[in-house]
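No value in this document is a laboratory result; all are computed from the given coordinates. Everything numeric here is computed off the predicted structure, so don't read it as measured data. Ideal geometry is used to build each Cβ from the backbone, glycine not excepted, and the neighbour counts take in all protein chains shown.
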Amino acid sequence: MEVRLQKAIADSGLASRRRAEMLIAEGRVTVNGQVVREQGTKIDVEKDHVKVDGRHLKPAPPQVFIMLNKPKGYVSSLSDPEGRPTITDLLGGVSVRVFPVGRLDYDSEGLMLLTNQGALAQTLLHPRYHVPKTYLIKVKGMLDDKQIAELERGVELEDGLTKPAVVKKIRKAEENSWLEVTIHEGRNHQVKRMLDYVRHPVIKLTRVRFGPLSLGSLSPGQFRHLTDREANALRSVVTDRIKDVATGAEPGSTAAKTRRRRAGAQGWARAKKGRKA
């Protein structure tokens, strides 16, 4: 597979993309024994021999994306100073070091994404990029329409006003009720604090969606690797969100959706023109 030389260096973890460009410009990079100074030179990472300062470039580690259904009673980190069970205990057979993208409380359940792609993980978590997270929640009592509207507008917590949420009534039990809540932030215990604010404490919380990913039928305590389609969908979300912010369009807004429609139409037009040529 051919990639730009500076990308291959950055993907290996040796240097950032910008630093890799500097190394190339300084004549410190060779490809098949020849010094390469031209930016954008393409190489075949499987065939070409690249050296930086005389040392062979290590191949980039494989990109790993894992979906885990975290059960209650597990800490959503790789280790715990108190000796409690962690998600590491559930990842038997995973040889590549991965880390969690966000967390779930000890007594919460549901979808967790784990990966070895740090930059992608940071974008998925950053509140600037508005990646949605959806929770199925059992609460004490039943919310009225006024309380739901309040949550959807945003409520004032001790760390500031929450961004608008989407709240749907799912079903009612004898004394409790089930809600589906979608937020775009990642504050500590945010959903629980939001429900406490409207005086309906959370009894059970399960994350069922994260960005384009759905928990589906994955059993508690089980994990699986993402399909190529799911991994590509994650990458597309990150790319779209970064472009939205760069162009001044609020992610998820009408302007952002319009930008993507136009970009898609332009890409289709270019492809059509290429077929005619």
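Residues in the stretch 120-155, backbone N under 11 Å from the label point at residue 173 (7 Å along the Cα-to-beta-carbon vector): list them, ranges by number please. So the set is 138-141. Could you work out how far the C-alpha centroid of the stretch 127-177 sits from that of the stretch 95-120, in angstrom? About 23 Å separates the Cα centre of the stretch 127-177 from the one of the stretch 95-120. Going from the residue with the fewest nearby Cβ atoms within 10 Å to the one with the most, 219, 108, 16 rank 219, 16, 108. Of all the options 146, 243, 168, the one that moves most in a Gaussian network model of the chain with Cα springs shorter than 10 angstrom is 146.
Remark: the stretch 217-223, residue by residue, has Karplus-estimated 3J(HN,Hα) of 9, 4, 6, x, x, 9, 9 Hz, where x stands for each Gly or Pro and the curve is 6.51 cos²θ - 1.76 cosθ + 1.60 at θ = phi - 60°.
Which residue, 233, 173, 165, has the most motion in a Gaussian network model of the chain that connects Cα atoms within less than 10 Å? For the chain, modelled as a Gaussian network with Cα springs under 10 Å, the answer is 173.
Computed from phi, the 3J(HN,Hα) profile of the stretch 8-15 under the Karplus parametrisation 6.51, -1.76, 1.60 (θ = phi - 60°) reads 4, 5, 5, 5, 6, x, 6, 7 Hz, with x in place of Gly and Pro. A cut-off under 13 angstrom between Cβ atoms defines the neighbours of residue 117, and their net charge, with Lys, Arg +1 and Asp, Glu -1, is +1.
Taking amide hydrogens as placed 1.01 Å from N in the peptide plane, the amide H of residue 204 sits under 5 Å from those of 138, each at least 5 positions away in sequence or on another chain. Dipole check for the chain: with +1 at the C-beta of Lys and Arg, -1 at the C-beta of Asp and Glu, and the Cα centre as origin, the magnitude is about 1280 Debye. Between the residues 160, 238, 36, the greatest Cα displacement towards the positive end of the dipole of the chain, with unit charges on the Cβ of Lys, Arg, Asp and Glu, is found for 36.
Here 199, 235 are placed in order of increasing Cβ neighbour count within 10 Å, fewest first, which gives 199, 235.
What is the distance, in nm, between label points placed 7 Å from the Cα along the Cα-to-Cβ direction at residue 107 and at residue 126? Distance between label points: 3.5 nm. The residue 80 and residue 222 beta-carbon pair, evaluated with R₀ = 30 Å, returns a calculated FRET efficiency of approximately 0.90. Cβ-Cβ distance of residue 19 and residue 94, R₀ of 35 Å, FRET efficiency by 1/(1 + (r/R0)^6): the value works out to about 0.70.
In plain terms, the chain from residue 44 to residue 247 could stretch by 69.8 nm, reckoned as 0.36 nm per residue minus the Cα-Cα distance. Here the stretch 1-142 is assigned +1 on the Cβ of each Lys and Arg and -1 on the Cβ of each Asp and Glu. Its dipole about the Cα centre then comes out at about 300 debye.
With 27 Å as the limit on Cα-Cα distance, the pairs of 51/243; 72/140; 7/70; 72/169; 70/243; 140/163 that go past it are 51/243; 7/70; 70/243. Per residue of the chain, the DSSP helices (runs of n ≥ 4 H) give a summed -39500 (n - 2.57) that works out to -9500 deg cm²/dmol at 222 nm. Here the label points at residue 166 and residue 32, each 7 Å from Cα along the C-beta direction, are separated by 5.1 nm in the simple model.
Using a cutoff of 8 angstrom between alpha carbon atoms and counting only pairs six or more residues apart, the relative contact order for the chain works out to 16 percent. Distances over 27 Å make up what percent of all Cα-Cα pairs in the chain? Above the 27 Å cut-off, the chain has 54 percent of its Cα pairs. How charged is the neighbourhood of residue 204? Take every other residue with its Cβ under 12 Å from the Cβ of residue 204, and add Lys/Arg as +1 and Asp/Glu as -1. Every neighbour counted, the sum reads +2.
Can you tell me which of 67, 142, 22 moves the most in a GNM of the chain? Springs connect C-alpha atoms under 10 Å apart. Ranking 67, 142, 22 by mean-square fluctuation puts 22 first.
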